[in-house]
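Take a look at the structure below.
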Amino acid sequence: MTGAAFVPSSTHWGTFLARDTESGVQVRPHPADPAPSPLLHNIPAMRDPAVRIARPAVRAGWLRNGPGPSDARGREPFVEVEWPELIELLAGELRRVYAERGPQGVFGGSYGWASAGRFHHAQSQVHRFLNCLGGFVRSVHNYSFGASAVIMPHVVGPDVPVTAGLTDWPVIVEHTELIVAFGGIPRKNTFVASGGITEHAVPGHLRALDAAGVEVIAISPLHEDTPDIRGARWLPVRPASDVALMLALMHVLFAEGLADRGFLQRYCTGADVLEAYVATTPPEWAEPLCEVAADEIRALARRMAARRTLVTVTWSLQRTEHGEQVPWAGLALAAVLGRIGLPGQGFGHGYGSMGDVGIRGAGTRMPRVPQGQNPVAECIPVARVADMLLHPGEPFRFDGRTLTYPDIALVYWAGGNPFHHHQDLNRLRRALGRAETVVVHEPFWTPMAKHADIVVPVTTPLERTDIGAASTDRHIVPMHPITAPYGEARDDFEVFADLARVLGVEEEFTEGRTAREWLVHLYTGWADTTRRKLGIDLPDAEEFFAGDVIALPAQPADRAFLVAFRADPDGRPLRTPSGRIELYSERIAGFGDADCPGHPTWIEPEEWLGSPLAQRYPLHLIAHQPRGQLHSQLDFGPQSARTKVAGRAAITLHPQDAAVRGISDGDVVRVFNDRGACLAGARISDGVRRGVVVLPTGAWYDPLPDGTCANGNPNVLTRDRGTSSLGQGCTGQHALVEVERYPGTPPPVRAYGPPEFTSR
Ligand SMILES: Nc1nc2c(c(=O)[nH]1)N[C@H]1C(S)=C(S)[C@@H](COP(=O)(O)OP(=O)(O)OC[C@H]3O[C@@H](n4cnc5c(=O)[nH]c(N)nc54)[C@H](O)[C@@H]3O)O[C@H]1N2
Ligand SMILES: Nc1nc2c(c(=O)[nH]1)N[C@H]1C(S)=C(S)[C@@H](COP(=O)(O)OP(=O)(O)OC[C@H]3O[C@@H](n4cnc5c(=O)[nH]c(N)nc54)[C@H](O)[C@@H]3O)O[C@H]1N2
Ligand SMILES: [Mo]
């Protein structure tokens, strides 16, 4: 395809134009994008031969000894095989496991972000395929907002989504006077959205906030979470203390007669319980916890009562111990102010977490691959994957129920990187060792691919035709193939279709369609519905796949959170037990889980600067999203490289914390706690609070023989524990650590290369 013209394609961080040339893939922003993502610079690295998987491969020990638990995963060489042999081996193993163990023995949770395309969407494909074989143990919710996804339905009802249904940005710009932003509004995160994003609108909305003179109090341990606008002020807070601060603010509102009792009476239940509780949480109580002066807390509460105020909470805050309490307390704070349901006021969740929060799409359903029916009831909350593998048959609590971990023989992963997303990676390694077989579809030799038994090389979005679409993007993108498939890589779909043929379920899986026929089918179905629904003209499939991005009419951006409920609480009650906002939940209290009581509660974390462990590990690590990439994707790309220090992930330390440890800017340091260690490159900045260090996620796990990650992956340090018995969400955002200068010559980073190969 060399010499071709620029054609559109899409990733989760944006729509772009690209073409293949003698010197590699060239990428340009799409003209429809007013604020293209800097992450586009990473895209050409999708062809980097050093990290691509060229041929199918099987772990030597698995090939020799057959399936079975093994600690050799991730440590043993691979044998490259031909496609027919791979298909035969894999089909044989699937046949064995389904016959001996049934679908309950197969974990197909396979979490991850993979491609933005709607058809070559790895999760949809693997789920559809496994459903054709009889189903699989699935995972529920996500790493992004697992705690919120479970608690918020109890508090505001299941039909008030956590992430959609929130107030549109333009309404905030028009109506809000003060945004009290717990977690700030991190700009770096707003370039990303699931399914892609053609018009990056948040930078423009932030400029509009500036022009409108909106005041933003960015409450965060990190200065960079403060938006770069005139009215913004940084309120540095001790990590993990936000609930204490929220409770103290509520205390002041009640104590000073600023609480909106009329609102609490009419729209909420449990305000009396909450009021009695926050009577015990005055600013003087919160001051030593959050290290914000009591007077400042009082002043902030008064200001919030006097202004048209929006309380927002980033998703990061609930990715911590007792994460459920954060959105619940934030919502309660907005309720005490009486502002919920007024335009530009009330509560928001995830502004600055994702580029599509507070953004309307075209209001049409986007095309998707049907995943079929999964008859298997067994499931796990997604972040309990290592627990599941390590504790088969044992009970665990989840959302008021006691469930049992299934006994998994085969783990099938396509489109995610657990060695990016999971916590306590040394434990994850042990957990994967318990499986009999681990199958991974990947374009790249990621650490997850290196921990597999059967490695299936697949194409990237640059190598195939697809449909880019997201419900919050009013564009639909014909994703053109930019290059030929790399090496012997094949599409996930083709591999599943081959396996389905051998396993006798071809008709169920493919429905008799080739990939091209599926694309035409999905597009045509979508276009027919959309033409009818929106009364617009759309090209036929042939024209669409040969053409450019199509813009659909935008919906009016006039939505505000819970407006209908406020206007008519009796006629439009919430679908909670009381029909109101539950500031006290009898249902949650009735579950009897001590780690998630019946009202928003301060529960001191086990791991934070206030706990005894801080004597040994005195630095609070924040492991947030990387600004140079999406998760672990293209960690070897040029934009990612710009964020690295000394060739590894950069850890930011406060100057005083660095000085007492003799650490200078650019040094290689060792970051450690009782769970593990990693090496990172030191960056010194007073943009972090003292006692806090920041090491973003994303660096490919690169274990030295003792398990130390040479490349700076913070998940060797984080704890593999659920948020609480209720949500069981990911708690990867925080950990206590110590940092020391690395003595001597640091070991090289070997993450971005193939594993060792051997012959059989
Ligand atoms: N400590 C800590 N950990 C965290 C977080 C945190 O805040 N702190 N955040 C969490 C969050 S919110 C998330 S969403 C997760 C993200 O975790 P993941 O979604 O697992 O991370 P990605 O790196 O996006 O993984 C996607 C993988 O899919 C592969 N891929 C791309 N295209 C294709 C394809 O077409 N087919 C196949 N088969 N594979 C493909 C990519 O190469 C990549 O390895 O991380 C979580 N982990
Ligand atoms: N560039 C880029 N953007 C992304 C992603 C990416 O990988 N790269 N991933 C996307 C995904 S899947 C998701 S789910 C979202 C995640 O969105 P979030 O989870 O909201 O994002 P994070 O960057 O993890 O954290 C946001 C900020 O919260 C602050 N914070 C951490 N702990 C505390 C605390 O205890 N108190 C307070 N007040 N603040 C705290 C940190 O300083 C951090 O910068 O991001 C999305 N956007
Ligand atoms: Mo996420």
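With each pseudo-label sitting 7 Å past Cα toward Cβ, what's the Ala5-Ala32 distance in nm, one decimal? The two pseudo-label positions are separated by 1.7 nm. Exposure proxy shown here: for Ile482, Ile550, the number of other Cβ atoms within 10 Å sets the order, fewest to most, as Ile550, Ile482.
Taking Lys and Arg as +1 and Asp and Glu as -1, the other residues whose beta-carbon sits under 13 Å from that of Leu462 total -1.
3J(HN,Hα) along region 259-266, derived from phi through the Karplus expression 6.51 cos²θ - 1.76 cosθ + 1.60 where θ = phi - 60°, amounts to 6, 8, 5, x, 5, 4, 5, 7 Hz, with x in place of Gly and Pro. Fewest neighbouring Cβ atoms within 10 Å first, the residues Cys132, Cys709 line up as Cys132, Cys709.
Every helix of 4 or more DSSP H residues in the chain counts as -39500 (n - 2.57), and over all residues that averages to -8000 deg cm²/dmol at 222 nm.
Global dimensions of region 332-489 from alpha-carbon coordinates: Rg and Dmax equal 20.9, 61 Å. Each other residue within a Cβ distance under 11 Å of Val202 adds +1 if Lys or Arg and -1 if Asp or Glu, for a net charge of +1. For region 116-193 versus region 236-304, the spacing of their alpha-carbon centroids is 28 Å. Taking every alpha-carbon pair within region 172-299, the share separated by more than 27 Å comes to 33 percent. Remark on Ala677: its backbone amide H falls under 5 Å from those of Cys709, a criterion applied only to residues 5 or more positions apart or on other chains, H modelled at 1.01 Å from N. Under a 5 Å amide H cut-off, with hydrogens placed 1.01 Å from N, Gly348 pairs with Val311, Thr312, Val313 among residues at least 5 apart or on other chains.
Across region 216-374, how large is the tail of the calculated P(r) beyond 27 Å, expressed as a percent of all Cα pairs? Everything past 27 Å amounts to 27 percent. Of all beta bridges that DSSP places with both ends in the chain, some 50 percent have antiparallel geometry.
Highest mean packing comes first when the peptides 462-472, 78-88 are listed by Cβ atoms within 10 Å, giving 462-472, 78-88. The alpha-carbon atoms of the chain, seen along their principal axes, cover 75, 67, 51 angstrom, with the largest extent given first.
Shown is the FRET efficiency for Glu88 and Arg365, computed with R0 = 56 Å from the Cβ-Cβ distance and rounded to the nearest 0.05: 0.90.
Measuring r between the beta carbons of Ala255 and Ala377 and using R0 = 60 Å, the FRET efficiency lands at 0.75.
The Kirkwood hydrodynamic radius of region 566-656, based on inverse pair distances between different Cα atoms, is 18.4 Å.
Over region 612-741, the fraction of Cα-Cα pairs per 10 Å bin, rounded to whole percents and listed from the shortest bin up, is 14, 45, 33, 7, 0.
Multiplying the residue separation of Glu488 and Arg430 by 0.36 nm and removing their Cα-Cα distance gives an extension gain of 17.8 nm.
Distance from the Cα centroid of region 632-653 to that of region 368-388 is 33 Å (rounded to whole angstrom). A full extension of the chain between Arg575 and Ala211 corresponds to an added length of 127.2 nm, given 0.36 nm per residue minus the alpha carbon distance.
Label separation (His391 vs Arg587): 2.5 nm, computed from points 7 Å beyond Cα along the C-beta direction. Where both bridge residues fall in region 612-741, DSSP classifies roughly 70% of the beta bridges as antiparallel. Here's the list of lysines a cross-link from Lys450 could span, going by alpha-carbon distance under 27 Å and ignoring same-chain residues fewer than 8 apart: Lys644. The H on the amide N of Thr404, modeled in the peptide plane, is under 5 Å from the matching H of Phe396, each at least 5 residues off or on a different chain. Considering region 70-212 at the alpha-carbon level, its Rg and Dmax are found to be 22.3, 65 Å. Computed over region 667-760, the P(r) curve from all C-alpha pair distances, binned at 5 Å from the origin, holds 2, 12, 19, 22, 16, 12, 8, 4, 2, 1, 0 percent per bin. Sites listed here are GluC sites (Glu not before Pro) in region 283-370 whose DSSP assignment is loop and whose Cβ has at most 13 other Cβ atoms within 10 Å, and the list is empty. The mean sequence separation of alpha-carbon pairs under 8 Å and at least six residues apart, normalised by the residue count of the chain, gives a relative contact order of 21 percent. What FRET efficiency, computed as 1/(1 + (r/R0)^6) with R0 = 25 Å and r the Cβ-Cβ distance, is obtained for Trp285 and Arg233, rounded to the nearest 0.05? Efficiency at R0 = 25 Å is approximately 0.55. Here the spin labels are modelled as points 7 Å beyond Cα on the Cα-Cβ line, and at Phe757 and Ala567 they lie 6.5 nm apart.
Any read-out appearing in this document is the output of simple, stated calculations on the displayed coordinates, not a laboratory observation. This structure is a prediction, so every number in the text was calculated from the model and none was measured. Ideal geometry is used to build each Cβ from the backbone, glycine not excepted, and the neighbour counts take in all protein chains shown.
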